[in-house]
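These notes are about the structure you will find just below.
Laboratory data are not the source of any read-out in this text; all were calculated from the coordinates shown. Note that the structure is predicted; figures quoted are calculated from it, not measured. Here the Cβ positions follow ideal geometry from the backbone for every residue, glycine too, while neighbour counts run over all protein chains shown.
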Amino acid sequence: MDEHDLPSVFPPRLDDAEGPARPLGEEEKRARVESALIACGLRRVGVEEPPEPDERQSTIRELRPRRAPAEPRALTASKKRRVRAAVFAAVFVSGTAAAAITVGWTPLASWLAPAVEESPPKPPPVKLAPTSPALRAPLPQEPLASAEPSVVVPEAPLEETRLPSRQADTRTIPSNAPVAAEDLLGEANALRGQRRYGQALNKYLEVVRRHPGSPQAGAARLAAATLRLEHEHDPQGAIALLENGGVGQVPEAQYLLGESYRAAGRSEREQEVLRSFVARHPNHPLAPKARRRLEALDGDDAAHEER
Amino acid sequence: MPERDSVEDYVLAGLATLAAEGDPHATERLFHALLPRMRNLARYLVRGDQDVDDLTQEALVAVFRGLNTYRGDGPFRAWADRVAARRIFRSIEERRAHTRWLASDDPDTVQHGVEASASYLWRRALAGSLDQLSWEQRQAVVLHFVVGMTVPEVATEVGVPIETLRSRLRLGMSKLKALFAEELESRAG
């Protein structure tokens, strides 16, 4: 054993690396998870699992956002692709909703609700514990852009109200007032939940800009990239967000990057990214779809060479 | 100290939210993500490999059943570690009371023909050393140093005064270091 390879902390903190438990093969892992699901009552013994979800039946299809508003005819050709992007968006919805929960902002627990849609609202299953009275405040109904910066303006004398001075305003409400990353992310999530995608995108980008090193920035990058691809039809913008900022290790980000390259018509890069995704995350629920796409791309290449 | 929040933690917490609603796909993904960690935790706590997978399953079920109690006030993995550690700890206590103090280790080989990394061998040696500690010292060392529970948390969990727990930690770590040095020597020789 080379001492240079040894962990510096003794004993090491718990992690997902190999050891001390013996490594399992992929089949064994699946079997263990299956057993646990059976023990939780989520699977029945001897009942075959439904077939691998296809592109219309995502593993998270329940979260797919409601049908998008009618698109211009030119865009309907890429509908299938956008459905997949929406599926990915739903994957991310789950993650960012957790961010809301993590920071304890009750209104943000409804992040999931708009995406589930069509069914009567259910009480949130996860009990949230708001961390401060400010965070318990209800979500503002008016556009958040007008509420920004989110500082309460003290009542001013009538004269000043009549003749508001821009200078005075900036003194009262500094535009660079620090806003916590989780609060910004929460605002962005809420806007997205209200389907105000443009504003949500701007708010996500604000998280990235103001808090570049925070974990919320990673989540925001992923969400912003999803919106750019899905609603702005801007794959290059999505690629720019995903190629930078250290979100490349997140499986969903890798997959979305592949989708973005596909939308941008850069199939060679798409292949590279999807291959890397499948190699790194062979058991990810999106891996079968990535494999199918790779097969299709390989088939296209072969046909091209034959010609 | 819980490990720092990461994007992965947010994603896991999101899956946990869906799993708490009974979404089987989210639960499956959550279990896949937690499986290696839970197996490692079980092996740190239990003597030998034989019971690792049974204990892991119990831990995953405990995490699933406890999802509604996750309030989101810390990283999801840190919360899951604690829930799993408590479940495994109780299972081992029950087994010790009713049957056996868990089987000794299998031959220390790596399955699937995979070449073992230095880190893996190091951790196996550590687990071998932990196997030689008393149960009381082992649980104290693992819950505090490996899982990251605070001294008062561990003392409450195992039901002893804080001073007793500190003593177990001190003696346990001292013995563990000595055993580990021997273990490394014997493996090198």
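FRET efficiency for the B:SER134 to A:ARG280 pair, using the beta carbon distance and R₀ = 41 Å, is estimated at 0.50.
Taking 7 Å steps out from each Cα toward its Cβ at B:THR156 and B:GLU93 produces label points 1.4 nm apart.
Ranked for footprinting exposure by Cβ neighbours inside 10 Å, fewest first, B:PHE76, B:PHE64, B:PHE31 give B:PHE64, B:PHE31, B:PHE76. Averaged over the residues of peptide A:214-220, the number of Cβ atoms from other protein chains lying within 10 Å of each residue's Cβ is 4. Scanning chain B for GluC sites (Glu not before Pro) that sit in a DSSP loop and have at most 16 other Cβ atoms within 10 Å, the longest stretch containing none of them is B:4-114.
Were the residues from A:ARG209 through A:GLU305 laid out at 0.36 nm apart, the gain over their Cα-Cα distance would be 30.1 nm. Inter-label distance, A:GLU27 to A:GLU272: 3.6 nm, where each label sits 7 Å from its Cα along the C-beta direction. Between A:ALA39 and B:ALA118, the simple spin-label model (points 7 angstrom out along Cα→Cβ) gives 3.6 nm. Between the residues B:PHE76, B:ALA188, B:SER129, the greatest Cα displacement towards the positive end of the dipole of chain B, with unit charges on the Cβ of Lys, Arg, Asp and Glu, is found for B:SER129. Of all complete DSSP H helices in chain B, those with a Cα span along the helix axis of 27 Å or greater and a mean Kyte-Doolittle hydropathy of -0.5 or more are B:24-45, B:162-188.
Between B:GLU163 and B:ASP73, the C-beta separation translates, for a Förster distance of 30 Å, into a calculated FRET efficiency of about 0.55.
The sum of -39500 (n - 2.57) across all DSSP H runs of n ≥ 4, divided by the residue count of chain B, sets its helix-only mean residue ellipticity at 222 nm to -22500 deg cm²/dmol. Distance from the Cα centroid of region A:226-295 to that of region B:38-91 is 33 Å (rounded to whole angstrom).
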